[in-house]
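Take a look at the structure set out below.
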Amino acid sequence: MNEEMTLDGVLADIAARLDHAARDRRAAMHMPVVGTADGDLRIMVLRACDPDFTALRFHTDARSSKVSLIGSGAPVSLLAFDPEAKIQIRARGVGRIETGGAVADAAWDQASAYARRCYLAEGGPGTPTPAPVSGLPAEVEGIRPTPEQLLPARDNFAVLLVTLTSLDWLYLAHNGHRRAKFSRGDAGSPWQGTWVIP
(Lines give C-alpha, C1' and ligand atoms only; values in the text may rest on other atoms or scores of the structure.)
Protein backbone atom coordinates (compact mmCIF):
# COMPACT_ATOMS: atom_id res chain seq x y z
CA MET A 1 0.00 0.00 0.00
CA ASN A 2 1.16 3.52 -0.65
CA GLU A 3 0.49 6.96 0.75
CA GLU A 4 -1.62 7.81 -2.33
CA MET A 5 -4.42 5.45 -1.27
CA THR A 6 -7.96 6.76 -1.52
CA LEU A 7 -11.23 5.67 0.05
CA ASP A 8 -12.49 4.62 -3.40
CA GLY A 9 -9.32 2.59 -3.85
CA VAL A 10 -9.76 0.91 -0.47
CA LEU A 11 -13.39 0.04 -1.25
CA ALA A 12 -12.27 -1.44 -4.58
CA ASP A 13 -9.56 -3.39 -2.73
CA ILE A 14 -12.14 -4.89 -0.35
CA ALA A 15 -14.37 -5.90 -3.26
CA ALA A 16 -11.45 -7.44 -5.17
CA ARG A 17 -10.17 -9.37 -2.16
CA LEU A 18 -13.57 -10.83 -1.26
CA ASP A 19 -14.35 -11.66 -4.89
CA HIS A 20 -10.98 -13.40 -5.24
CA ALA A 21 -11.55 -15.23 -1.95
CA ALA A 22 -14.88 -16.57 -3.19
CA ARG A 23 -13.34 -17.90 -6.42
CA ASP A 24 -9.98 -19.22 -5.18
CA ARG A 25 -9.90 -21.75 -2.34
CA ARG A 26 -6.21 -20.95 -1.78
CA ALA A 27 -6.93 -17.25 -1.17
CA ALA A 28 -6.13 -16.07 2.36
CA MET A 29 -9.67 -14.76 2.89
CA HIS A 30 -11.46 -17.82 1.46
CA MET A 31 -12.53 -18.99 4.92
CA PRO A 32 -13.44 -15.98 7.08
CA VAL A 33 -14.74 -16.09 10.63
CA VAL A 34 -18.51 -15.55 10.65
CA GLY A 35 -20.33 -14.43 13.79
CA THR A 36 -24.00 -14.44 14.74
CA ALA A 37 -25.99 -12.34 17.22
CA ASP A 38 -25.55 -14.93 19.99
CA GLY A 39 -21.79 -14.30 19.96
CA ASP A 40 -21.02 -17.66 18.33
CA LEU A 41 -18.17 -17.74 15.79
CA ARG A 42 -17.28 -20.23 13.12
CA ILE A 43 -15.09 -20.56 10.02
CA MET A 44 -17.16 -20.66 6.83
CA VAL A 45 -16.21 -20.93 3.17
CA LEU A 46 -17.02 -17.80 1.20
CA ARG A 47 -18.79 -19.05 -1.94
CA ALA A 48 -19.73 -15.81 -3.75
CA CYS A 49 -19.35 -12.05 -3.45
CA ASP A 50 -21.12 -9.42 -5.51
CA PRO A 51 -18.89 -6.48 -6.57
CA ASP A 52 -21.26 -4.04 -4.83
CA PHE A 53 -21.76 -6.36 -1.83
CA THR A 54 -25.43 -6.95 -2.59
CA ALA A 55 -24.80 -10.33 -0.97
CA LEU A 56 -22.04 -12.60 0.23
CA ARG A 57 -23.00 -16.25 -0.05
CA PHE A 58 -22.09 -19.12 2.26
CA HIS A 59 -23.43 -22.69 2.39
CA THR A 60 -24.71 -24.28 5.58
CA ASP A 61 -26.64 -27.22 6.94
CA ALA A 62 -30.34 -26.35 7.27
CA ARG A 63 -30.36 -28.20 10.62
CA SER A 64 -27.64 -26.02 12.22
CA SER A 65 -28.49 -23.71 15.12
CA LYS A 66 -27.42 -20.61 13.18
CA VAL A 67 -30.12 -21.27 10.58
CA SER A 68 -32.95 -20.84 13.09
CA LEU A 69 -31.13 -17.91 14.72
CA ILE A 70 -30.67 -16.01 11.43
CA GLY A 71 -33.91 -16.99 9.73
CA SER A 72 -35.19 -14.30 7.36
CA GLY A 73 -33.04 -11.53 8.83
CA ALA A 74 -30.55 -11.17 11.68
CA PRO A 75 -27.17 -9.51 12.32
CA VAL A 76 -24.11 -11.31 10.96
CA SER A 77 -20.47 -10.26 11.21
CA LEU A 78 -17.39 -11.35 9.31
CA LEU A 79 -13.63 -11.22 9.92
CA ALA A 80 -11.06 -12.00 7.24
CA PHE A 81 -7.28 -11.55 7.31
CA ASP A 82 -4.55 -11.78 4.69
CA PRO A 83 -1.26 -12.15 6.60
CA GLU A 84 0.91 -11.68 3.51
CA ALA A 85 -0.80 -8.42 2.50
CA LYS A 86 -1.26 -7.45 6.18
CA ILE A 87 -4.88 -6.51 5.53
CA GLN A 88 -7.81 -7.23 7.82
CA ILE A 89 -11.43 -6.82 6.76
CA ARG A 90 -14.22 -6.71 9.32
CA ALA A 91 -17.79 -6.46 8.11
CA ARG A 92 -21.32 -6.39 9.47
CA GLY A 93 -24.58 -6.97 7.73
CA VAL A 94 -27.95 -8.64 7.71
CA GLY A 95 -28.06 -12.36 7.04
CA ARG A 96 -30.91 -14.44 5.76
CA ILE A 97 -31.27 -18.17 5.16
CA GLU A 98 -32.69 -19.67 1.98
CA THR A 99 -33.37 -23.40 1.72
CA GLY A 100 -35.25 -23.27 -1.59
CA GLY A 101 -35.64 -20.97 -4.55
CA ALA A 102 -33.39 -19.97 -7.40
CA VAL A 103 -30.32 -18.97 -5.35
CA ALA A 104 -30.26 -22.10 -3.20
CA ASP A 105 -31.03 -24.35 -6.17
CA ALA A 106 -28.24 -22.80 -8.26
CA ALA A 107 -25.77 -23.08 -5.37
CA TRP A 108 -26.68 -26.75 -4.93
CA ASP A 109 -26.31 -27.42 -8.65
CA GLN A 110 -22.84 -25.82 -8.67
CA ALA A 111 -21.59 -27.72 -5.61
CA SER A 112 -19.33 -30.72 -6.12
CA ALA A 113 -20.38 -34.21 -5.08
CA TYR A 114 -17.92 -34.06 -2.18
CA ALA A 115 -19.38 -30.73 -0.98
CA ARG A 116 -22.92 -32.12 -1.25
CA ARG A 117 -21.90 -35.22 0.70
CA CYS A 118 -21.56 -33.11 3.88
CA TYR A 119 -25.34 -32.69 3.93
CA LEU A 120 -25.91 -36.45 4.16
CA ALA A 121 -24.89 -36.43 7.83
CA GLU A 122 -27.40 -38.45 9.82
CA GLY A 123 -27.76 -35.72 12.44
CA GLY A 124 -27.49 -31.96 12.30
CA PRO A 125 -24.32 -30.10 13.32
CA GLY A 126 -23.79 -30.33 17.07
CA THR A 127 -25.67 -33.60 17.53
CA PRO A 128 -23.99 -35.51 20.41
CA THR A 129 -22.25 -38.80 19.57
CA PRO A 130 -20.59 -41.44 21.77
CA ALA A 131 -17.32 -41.25 19.78
CA PRO A 132 -15.66 -38.98 17.21
CA VAL A 133 -17.57 -39.50 13.94
CA SER A 134 -18.26 -37.64 10.69
CA GLY A 135 -21.95 -38.36 10.96
CA LEU A 136 -21.97 -39.58 7.35
CA PRO A 137 -23.61 -42.88 6.46
CA ALA A 138 -20.97 -45.63 6.23
CA GLU A 139 -21.71 -46.24 2.54
CA VAL A 140 -20.62 -42.70 1.53
CA GLU A 141 -17.79 -42.01 3.95
CA GLY A 142 -14.50 -41.63 2.10
CA ILE A 143 -16.02 -41.91 -1.39
CA ARG A 144 -17.55 -39.70 -4.02
CA PRO A 145 -21.29 -40.41 -3.72
CA THR A 146 -23.43 -41.11 -6.74
CA PRO A 147 -26.16 -38.64 -7.75
CA GLU A 148 -28.72 -41.10 -6.40
CA GLN A 149 -26.97 -41.32 -3.03
CA LEU A 150 -26.93 -37.51 -2.81
CA LEU A 151 -30.67 -37.00 -3.35
CA PRO A 152 -31.56 -36.90 0.39
CA ALA A 153 -28.80 -34.35 1.07
CA ARG A 154 -30.63 -31.53 -0.74
CA ASP A 155 -33.20 -31.32 2.08
CA ASN A 156 -30.39 -30.44 4.52
CA PHE A 157 -28.74 -27.78 2.33
CA ALA A 158 -29.20 -24.03 2.79
CA VAL A 159 -27.48 -20.82 1.79
CA LEU A 160 -26.64 -17.94 4.07
CA LEU A 161 -26.84 -14.62 2.21
CA VAL A 162 -25.32 -11.59 3.94
CA THR A 163 -26.07 -8.05 2.80
CA LEU A 164 -23.23 -5.92 4.14
CA THR A 165 -24.00 -2.60 5.81
CA SER A 166 -20.59 -1.70 7.28
CA LEU A 167 -16.96 -2.42 6.43
CA ASP A 168 -13.77 -1.85 8.40
CA TRP A 169 -10.46 -2.13 6.50
CA LEU A 170 -7.12 -2.19 8.34
CA TYR A 171 -3.67 -2.20 6.76
CA LEU A 172 -0.83 -3.09 9.12
CA ALA A 173 2.48 -1.33 8.38
CA HIS A 174 5.68 -0.86 10.39
CA ASN A 175 5.67 2.85 9.56
CA GLY A 176 2.10 3.30 10.78
CA HIS A 177 -1.14 1.42 10.21
CA ARG A 178 -3.96 2.78 8.03
CA ARG A 179 -7.67 2.22 8.60
CA ALA A 180 -10.88 3.11 6.78
CA LYS A 181 -14.54 2.56 7.65
CA PHE A 182 -17.53 2.42 5.31
CA SER A 183 -21.26 2.26 5.93
CA ARG A 184 -24.55 2.42 4.07
CA GLY A 185 -28.22 2.27 4.94
CA ASP A 186 -29.18 -0.64 2.68
CA ALA A 187 -27.98 -2.60 -0.34
CA GLY A 188 -29.16 0.10 -2.75
CA SER A 189 -27.36 2.96 -1.01
CA PRO A 190 -23.85 4.07 -1.94
CA TRP A 191 -21.05 3.40 0.51
CA GLN A 192 -19.94 6.35 2.65
CA GLY A 193 -16.34 6.12 3.80
CA THR A 194 -14.00 7.85 6.20
CA TRP A 195 -10.42 7.43 7.35
CA VAL A 196 -10.05 6.65 11.06
CA ILE A 197 -7.10 6.27 13.41
CA PRO A 198 -6.19 2.57 13.61
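The values are calculated or read from the model by the stated rules, or taken from the named source; none is laboratory data. Given the structure is predicted, the values throughout are model-derived calculations rather than measurements. As a convention, Cβ positions derive from the backbone with ideal geometry for all residues, glycine included, and neighbour counts pool all protein chains shown. Just the protein is used for accessible areas: all its heavy atoms, side chains included, with ligands, DNA and RNA removed. Shrake-Rupley method; radii C 1.70, N 1.55, O 1.52, S 1.80 Å.
Here are the numbers:
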| quantity | calculated |
| --- | --- |
| Yes/no for ALA187 being more than 16 Å from ILE89 (Cα to Cα), in a loop (DSSP other than H, G, I, E, B) and touching a residue at least 40 places away in the same chain (Cβ under 8 Å) | yes |
| Given (1) open to solvent by 30 Å² or more (accessible area, probe 1.4 Å); (2) within 23 Å of the chain's Cα centre (by Cα); (3) over 22 Å from SER68 (Cβ atoms), index of the condition THR99 fails | (3) |
| Meets criteria (touching a residue at least 12 places away in the same chain (Cβ under 8 Å), within 17 Å of ALA187 (Cβ to Cβ) and among the basic types (Lys, Arg)) for ARG96 | yes |
| Residues satisfying the stated conditions in region 133-153, i.e. touching a helix residue (DSSP H, G or I) at 6+ places or on another chain (Cβ under 6 Å) and in contact (Cβ under 8 Å) with a residue 24 or more places away in the chain | ARG144, PRO145, LEU150, ALA153 |
| Matching residues in region 3-36 - criterion: being part of a helix (DSSP H, G or I) and either open to solvent by less than 20 Å² (accessible area, probe 1.4 Å) or among the hydrophobic types (A, V, I, L, M, F, W, C) (or both) | LEU7, VAL10, LEU11, ALA12, ILE14, ALA15, ALA16, LEU18, ALA21, ALA22 |
| Matching residues, region 38-50, being closer than 17 Å to LEU164 by Cβ, open to solvent by 20 Å² or more (accessible area, probe 1.4 Å), part of a loop (DSSP other than H, G, I, E, B) and at pLDDT 95 or above | ARG47 |
